[in-house]
1. Write down the Å³ per residue value for the convex hull defined by the alpha carbon atoms of the stretch 278-317.
2. Compute a Gaussian network model of the chain, connecting alpha carbons closer than 10 Å, and tell me which residue from Arg238, Arg80, Arg286 fluctuates the most.
3. Would you list the P(r) distribution for the stretch 80-177, with all Cα-Cα distances sorted into 10 Å bins from 0 and each bin expressed as a whole %?
4. When the expected Rg is taken as 2.2 N^0.38 Å, what fraction or multiple of it is the alpha-carbon Rg of the stretch 6-92?
5. Residues with amide H under 5 Å of Glu15's amide H, sequence separation 5 or more or different chain, H placed in the peptide plane at 1.01 Å from N; which?
6. Just the number: Rg to Rh for the stretch 162-219, Cα atoms, Kirkwood Rh, two decimals.
7. Quick query: amide H of Cys274 versus all other amide H atoms, modeled in the peptide plane; which residues come in under 5 Å with a sequence gap of 5 or more or a different chain?
8. With N denoting the number of residues in the chain, provide Rg(C-alpha) divided by 2.2 N^0.38 Å, to two decimal places.
Amino acid sequence: MAGTQQVLVKRISYEAERINSYELVARTGGELAPFTAGSHIDLHLPNGMVRSYSLVNDQRERHRYVIAVNRDAESRGGSRFVHDTVKVGEIMTISLPRNNFALCEQAEHSVLIAGGIGITPLLSMIRRLVALGRCWELFYAARTRAAAAFLDELGTFRSDAGLHVDFDDERAGRVFDLAAIVRAAPARAHLYCCGPLPMLAAFEAATADRPADRVHVEYFKAREAPATEGGFVVRLARSNRTITVEPGRTILDALLDAGIAANYACTEGVCGTCETRVLEGKPDHRDQFLSEEEQATNRSVMICCSGAKSRMLVLDL
Ligand code: FES
């Protein structure tokens, strides 16, 4: 498969309640493709699912990728499949690393805010900031101490500005005051947040007045329902085919039904894998991958979740 590589599962470790880490090495030994802090890889699971997971290890490591998977109670099947079936010694197909949540390495100060499994991309960022000798601070909220992954390891990093952990069950009526954290951040700080949807919504509200290039958000899940209203056609300019998108189907569903090998991974509008150039027509954007400005240009569309506001979309496919 183009853009994929085969890896061997070398080690599986318990990191916290319902969270395991998986160490993946090149199947044939040697080095893996390089990555930068904040990157993710897609696992192509044997059951046909494709799921994205952040790399948690140090970007200077070329001999392995390490991901952490939360066995999510609301899992659509991906994390449950990984926990229940992936074993040490197994060969897996994965994508090359991609980074939609890049670290600004020159920032004077970085404020990292994590909720639960959202710690994963931030952990690789912390490793990078420590290696660069930059000033950073972490605010890490989790349900309980036992459910918080990587606590011991985080404790080994020295942060000039502070490393704050916060557990729902130890808060005694206090709230995790994200707005106060953002207010206290220096004006020139770069702010990063990864966690559950309510945390991301609070973060986006709290940072609305800050310059967009200093505010960084990583979504794991869709914020909006996919566009399945249908009732439009998609013309594929390169293959010269026209596909009708019926009600109840996404564009991606319709393409796959028609036997078209479209690229996709998360199917939730967060990973960017299915981004497709729009040549004509007006998409109904439902993704979290493109910025509002990018969506407004209508130059591309995430076909896994977005629909059309025009009767036809012409795509560069
Ligand atoms: S498949 Fe991830 S954004 Fe569409």
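The values are calculated or read from the model by the stated rules, or taken from the named source; none is laboratory data. Computed from a prediction, not measured in an experiment: that's the story for all the values here. Quick reminder, even Gly has a Cβ in these numbers, built from the backbone with ideal geometry, and neighbours come from all protein chains shown. Accessible surface is based on the protein model in full, side chains and every heavy atom, while ligands, DNA and RNA are left aside. Shrake-Rupley method; radii C 1.70, N 1.55, O 1.52, S 1.80 Å.
1. Numbers: hull volume 2.5 nm³, N = 40.
Output value, Cα hull per residue: 62 Å³.
2. Arg238
3. 13, 37, 31, 17, 2
4. Working: Rg = 12.4 Å, N = 87, 2.2 N^0.38 = 12.0 Å.
Against the empirical 2.2 N^0.38 Å value, I get 1.03 for the stretch 6-92.
5. Asn20, Ser21
6. On the way: Rg = 12.0 Å, Rh = 12.4 Å.
Rounded to two decimals, Rg/Rh equals 0.97.
7. Ala265
8. Working: Rg = 20.2 Å, N = 317, 2.2 N^0.38 = 19.6 Å.
My calculation over the Cα atoms of the chain gives 1.03.
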